[in-house]
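Presented below is the structure to which this report refers.
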Amino acid sequence: MKKFLFFIFFSCLIFGQNLNAQYYYYNDKYYESNVVLELGASAGIMNALTDLGGKKGAGKPFIKDLRWATARASYGIYAMAVYKNMIGVRLEGTFGEITGYDSILKAVSSSTFGRYDRNLSFKSKISEIQLAVEFHPFALLNFADGQFPFSPYTIVGIGRYSFDPQAELRGRWYSLQPLSTEGQGFKEYSDRKPYELNQFNIIGGLGLRYDINSIINARIEFVHRILDTDYLDDVSTSYIDPNLFINYLPSNMAAIAQQLANRKNELNPNDMTNVGDSRGNPKKNDAFFTIQLKVGITLGRQRR
């Protein structure tokens with residue numbers, strides 16, 4: 001990451017000195033090079049769309065099942081090279097936490113087709129580094145001097161993120177991936193492979209930039225991540241035979257896995273869960289998103 005940021009900074013210095021300067025539309029006291037560098041920081045919220053929690057019913061697609069009560073804080077830093085106020089290529093690090101819990105459905109438990117009774121929960125730290133492209137369509141238009149300090153834009157890119165779903169049991173938090181709660185890696189479930197805790201994602205989003213002055217800008221952004229996993233919350237398919245855990249895990253881990261794989265009896269001691277009963281919905285992958293405010297400082301503009 002440090003090498004990449006140095007490359008962007010060095011390139012901006014070279015381009016800024018050699019390319020023909022063009023007029024900066026917002027402030028007639030400054031000129032700018034074709035390529036400028038922007039450095040900034042962000043803060044906001046992060047939320048996830050997984051099998052756990054949600055709203056009443058059997059579960060709805062995308063944001064129709066979103067609960068804002070599960071949003072958690074997020075923050076980030078970025079460096080970006082911007083060409084003619086139109087296209088920006090940025091490297092950004094984003095950090096936050098996601099969570100989900102079936103107990104959020106208590107008030108509508110009778111309508112959730114067993115999702116509340118499933119009684120599962122998780123939390124996970126998220127660390128992401130992304131390489132994305134911004135496109136500002138208003139830069140194609142010829143606005144009069146100082147007329148339009150706002151610039152809406154789109155974002156597309158690719159990221160690499162890490163996650164580690166955990167659940168709490170008797171006051172202690174356990175990482176769920178090593179417990180193979182759905183039989184991942186067991187020969188009896190050869191189609192269920194252990195999931196990686198570091199994966200790639202696809203990024204898409206929208207933003208709005210406001211130039212406070214020639215140096216400082218503020219932004220608001222919504223950025224969605226499309227994932228290639230349904231195990232962001234460690235829940236995807238069906239319940240397995242709890243007796244299998246002892247065949248693959250140390251005895252202490254097997255006991256924990258049995259308790260965290262099926263938590264229905266914490267609500268109803270008489271509950272009978274059959275092997276193969278639905279634990280999650282494998283037909284759609286999980287996702288997460290951020291809504292953030294950003295403040296950026298532009299380098300490379302010179303006073304007249």
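The values are calculated or read from the model by the stated rules, or taken from the named source; none is laboratory data. Quantities reported herein were computed from a predicted structural model and do not represent experimental measurements. All Cβ positions, even for glycine, are placed from backbone atoms using ideal geometry, and neighbour counts span all protein chains on display.
Some values worked out for this structure:
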| read-out | value |
| --- | --- |
| Some residue of segment 264-281 being surrounded by fewer than 18 Cβ atoms within 10 Å (Cβ to Cβ), part of a helix (DSSP H, G or I) and either touching a residue at least 60 places away in the same chain (Cβ under 8 Å) or not aromatic (Phe, Trp, Tyr) (or both) | yes |
| Residue tally, condition touching a residue at least 24 places away in the same chain (Cβ under 8 Å), in a loop (DSSP other than H, G, I, E, B), under 27 Å from Glu128 (Cβ atoms) and not polar (S, T, N, Q), over segment 282-304 | 3 |
| Selection count, segment 69-126, where residues are within 27 Å of Arg209 (Cβ to Cβ), of a type in the set (Ser, Thr, Tyr) and either surrounded by fewer than 21 Cβ atoms within 10 Å (Cβ to Cβ) or out of contact with any Gly (no Cβ under 8 Å at 6 or more places or on another chain) (or both) | 3 |
| Criterion (at pLDDT 95 or above, more than 19 Å from Pro165 (Cβ to Cβ) and out of contact with any Cys (no Cβ under 8 Å at 6 or more places or on another chain)) met by exactly one of Ile256, Ile246, Ile240 | Ile246 |
| From the options Phe113, Phe62, residue that is of a type outside the set (Gly, Ala, Ser), in contact with a Leu (Cβ under 9 Å, 6 or more places away or on another chain) and closer than 20 Å to Asp230 by Cβ | Phe62 |
| Out of Ser110, Ser33, sole residue that is at pLDDT below 95 and in a strand (DSSP E or B) | Ser33 |
| Whichever residue in segment 172-208 is without any contact (Cβ under 8 Å) to a residue 12 or more places away in the chain and of a type in the set (Ser, Thr, Tyr) and, among such residues, is nearest to Leu232 (Cα to Cα) | Ser175 |
| Among (1) surrounded by 14 or more Cβ atoms within 10 Å (Cβ to Cβ); (2) assigned to a helix (DSSP H, G or I) - the single one Asn252 does not satisfy | (1) |
| Condition met for Arg160 (buried (at least 20 other Cβ atoms within 10 Å of the Cβ) and either in contact with a Gly (Cβ under 6 Å, 6 or more places away or on another chain) or assigned to a strand (DSSP E or B) (or both)) | no |
| Residues being more than 21 Å from Ser127 (Cβ to Cβ), of a type in the set (A, V, I, L, M) and surrounded by 20 or more Cβ atoms within 10 Å (Cβ to Cβ) - total across segment 201-243 | 2 |
| Residues satisfying the stated conditions in segment 185-230, i.e. outside any strand (DSSP E or B) and β-branched (Val, Ile, Thr) | Ile212, Ile215, Thr229 |
| Residue in segment 176-196 that is farther than 30 Å from Tyr248 by Cα, at pLDDT 95 or above and surrounded by 13 or more Cβ atoms within 10 Å (Cβ to Cβ) present | no |
| Subset of segment 164-184 [in a strand (DSSP E or B), of a type in the set (A, V, I, L, M, F, W, C) and in contact with a Leu (Cβ under 7 Å, 6 or more places away or on another chain)] | Ala167, Leu169 |
| Failed condition for Met46, given (1) on the phi < 0 side of the Ramachandran plot; (2) modelled with pLDDT under 75; (3) not charged (D, E, K, R) | (2) |
| Boolean, Val108 is in contact (Cβ under 8 Å) with a residue 12 or more places away in the chain, of a type in the set (Val, Ile, Thr) and farther than 22 Å from His224 by Cβ | yes |
| All positions within segment 253-286 that are under 22 Å from Glu168 (Cα atoms) and of a type in the set (A, V, I, L, M) | Met253, Ala254, Ala255, Ile256, Ala257, Leu260, Ala261, Leu267 |
